[in-house]
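Read through the structure below, which is laid out as structure tokens, and then see the notes.
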Amino acid sequence: MSAPAPDRPDFPEGYGLPESTDGLLSWSDVEPKLVAAKHYWLASVRPDGRPHSVPRWGVWVDGRFYYDGAPTTRHTRNTEANPHVTLTLESGTDVVIVEGTSTATRADPETLGARLAEAFVKYHGDDYAPAADAWSGEDGGGLRQIVPERALAWTSFPTDCTRFRF
């Protein structure tokens, strides 16, 4: 997957965003934060239009976010009805916001499953250690992937506020 194109986001007048592209972040500065994070926030929309946010464990692998869980969870039922989601990291000052779609998927244990199991090592200390075949069954072990459409990131608002389009 190629790196997304950076530009300035559209914010209302008065937010102080620079008009030039000087100071934009690069995707190579932002993506490692998604890989390294341990806690993420997932926002979805309930069928009646109300928002729903939940903390999630997951991994950023091959330019996508992978997480798993029971198909009966509120967030999974939400994304089955409306796949549009927002994924954020915990910081309000070192910001990464990913907008995309969440869909059910499966992972072959020899390829993607092995990479996912390796990435989930960050949760072994929390007694969560899925094997490479955890997501290969008919139901994919509840595995979902978020395919990013755009992202926002900044560390020094508004000077480095950057939008990435995938």
**Request:** Mind giving me the nanometre distance, one decimal, between the label points for GLU118 and ASP48, set 7 Å out from Cα along Cα→Cβ?
**Result:** 4.6
**Request:** Of all alpha-carbon pairs in the chain, indicate the percentage at a distance above 18 angstrom.
**Result:** 61
**Message:** For the pair SER28/ALA70, report the inter-label distance in nm, with labels modelled 7 Å from Cα in the Cβ direction.
**Reply:** 4.5
**Request:** Starting from the Cα-Cα distance between ALA104 and ASP127, subtract it from 0.36 nm times their residue separation and give me the gain in nm to one decimal.
**Result:** 5.9 nm
**Message:** Could you compute how much accessible surface TYR66 exposes when probed at 1.4 Å, giving the result in Å² to the nearest 10?
**Reply:** 10
**Message:** Could you sort ARG56, ARG77 by their accessible area in this structure, using a 1.4 Å probe and putting the largest first?
**Reply:** ARG77, ARG56
**Item:** Positive-end residue of GLY113, PRO158, TYR67, charge dipole of the range 1-160 with Cβ unit charges
**Value:** TYR67
**Message:** Can you tell me what share of the DSSP beta bridges in the range 19-166 is antiparallel? A percent to the nearest 5 is fine.
**Reply:** 100
**Request:** Treating the Cα atoms of the range 1-47 as identical point scatterers in vacuum, please give the log10 of the normalised Debye intensity I(q)/I(0) at q = 0.15, 0.21, 0.33 Å⁻¹, two decimals.
**Result:** -0.67, -0.96, -1.18
**Message:** How would the range 1-83 be classified by its alpha-carbon gyration tensor: rounded, prolate or oblate, with rounded meaning a/c under 1.5 and the a/b versus b/c comparison settling the rest?
**Reply:** oblate
**Prompt:** If you stretched the chain out fully between ALA3 and ARG150, how much longer would it get, using 0.36 nm times the residue separation minus the C-alpha to C-alpha distance?
**Reply:** 51.8 nm
**Prompt:** Where the accessible area of the chain is counted over protein heavy atoms with a 1.4 Å probe, how much of it, in %, is carbon and sulfur?
**Reply:** 51
**Item:** With all protein chains modelled, accessible area of LYS122 [1.4 Å, Å²]
**Value:** 50
**Request:** Just need the relative contact order of the chain here, percent rounded to a whole number, with Cα pairs under 8 Å and 6+ apart.
**Result:** 28
**Prompt:** Taking the inverse of the average 1/r across all pairs of different Cα atoms in the range 41-87, what Kirkwood radius in Å do you get?
**Reply:** 11.0
**Complete:** Heavy-atom accessible area per residue of the range 76-127, all protein chains kept, 1.4 Å probe, expressed in Å², is 51
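The values are calculated or read from the model by the stated rules, or taken from the named source; none is laboratory data. What you see is a predicted model; the values in this text were computed from it and never measured. All Cβ positions, even for glycine, are placed from backbone atoms using ideal geometry, and neighbour counts span all protein chains on display. Note: accessible area is taken over every heavy atom of the protein model, side chains too, but ligands, DNA and RNA are not part of it. Shrake-Rupley method; radii C 1.70, N 1.55, O 1.52, S 1.80 Å.
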